[in-house]
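The values are calculated or read from the model by the stated rules, or taken from the named source; none is laboratory data. Quick caveat, the model's predicted, so the values are computed rather than measured. Note: ideal-geometry Cβ built from the backbone for every residue, glycine included; neighbour counts use all protein chains shown. The accessibility values were calculated without ligands, DNA or RNA, using every heavy atom of the protein model including side chains. Shrake-Rupley method; radii C 1.70, N 1.55, O 1.52, S 1.80 Å.
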Amino acid sequence: MKKAIKKHETPYVMMFIEEGILHFYYKQIENLDQHVAEACVQARKAFTENKDYPCLVDVISIKNFTKEARDYFANEGNEGITANAILINSTVTKMMANFYIMVNKPQNPTRMFTDKKSALEWLKQFNK
């Protein structure tokens, strides 16, 4: 019998925890600005009850991130995240993720993946 997974959904994201890894799937967002970023982080912290997790972040449905949102995610927005595996599927999402990693320099280990299975394997090392 499979264990029930606790899920939470907001207007911007669907998230759940499975095998000690937080799965964070963004919904269709045209322009992710700081207001949306802060709402997503507040929802995540409430959902995880401020416990730290490695995180699989699916950004495939996001069209654009503002500079303020990227700066926020790289710093305060990363509190409670031990590592980020960013799931991408196109040149556009690859460019956004690369820019985030190279320019915004998140505080925690962050890598880009096109394959969910590889991303989850990498995240397992950060599982407490």
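Being more than 20 Å from Phe99 (Cα to Cα) and assigned to a loop (DSSP other than H, G, I, E, B) is the filter; apply it to the stretch 51-78 and report the residue that is least open to solvent (accessible area, probe 1.4 Å). Before you say what the answer is, go through the steps one by one.
Initial filter on the stretch 51-78 (more than 20 Å from Phe99 (Cα to Cα)): 51-54.
Then keep just the ones that are assigned to a loop (DSSP other than H, G, I, E, B); that gives 51-52.
Values: Lys51: 116, Asp52: 68 Å².
Result: Asp52.
For Thr48, state whether it is modelled with pLDDT of 90 or more, surrounded by fewer than 21 Cβ atoms within 10 Å (Cβ to Cβ), touching a Cys at 6+ places or on another chain (Cβ under 9 Å) and under 23 Å from Gln125 (Cβ atoms).
On the way: modelled with pLDDT of 90 or more: yes; surrounded by fewer than 21 Cβ atoms within 10 Å (Cβ to Cβ): yes; touching a Cys at 6+ places or on another chain (Cβ under 9 Å): no; under 23 Å from Gln125 (Cβ atoms): yes.
No, not satisfied.
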Item checked: Every pair of residues 6+ apart whose Cβ atoms lie under 6 Å, when the first sits in the stretch 46-69 and is among the basic types (Lys, Arg) while the second is modelled with pLDDT under 95 -> Lys63/Glu30
Next item on the list: Within the stretch 80-125, work out how many residues are at pLDDT below 95 and assigned to a helix (DSSP H, G or I).
Entry: 14
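Over 13 Å from the mean Cα position of the chain (by Cα) and surrounded by 12 or more Cβ atoms within 10 Å (Cβ to Cβ), is that true of Lys27?
Values: over 13 Å from the mean Cα position of the chain (by Cα): no; surrounded by 12 or more Cβ atoms within 10 Å (Cβ to Cβ): yes.
Answer is no for this residue.
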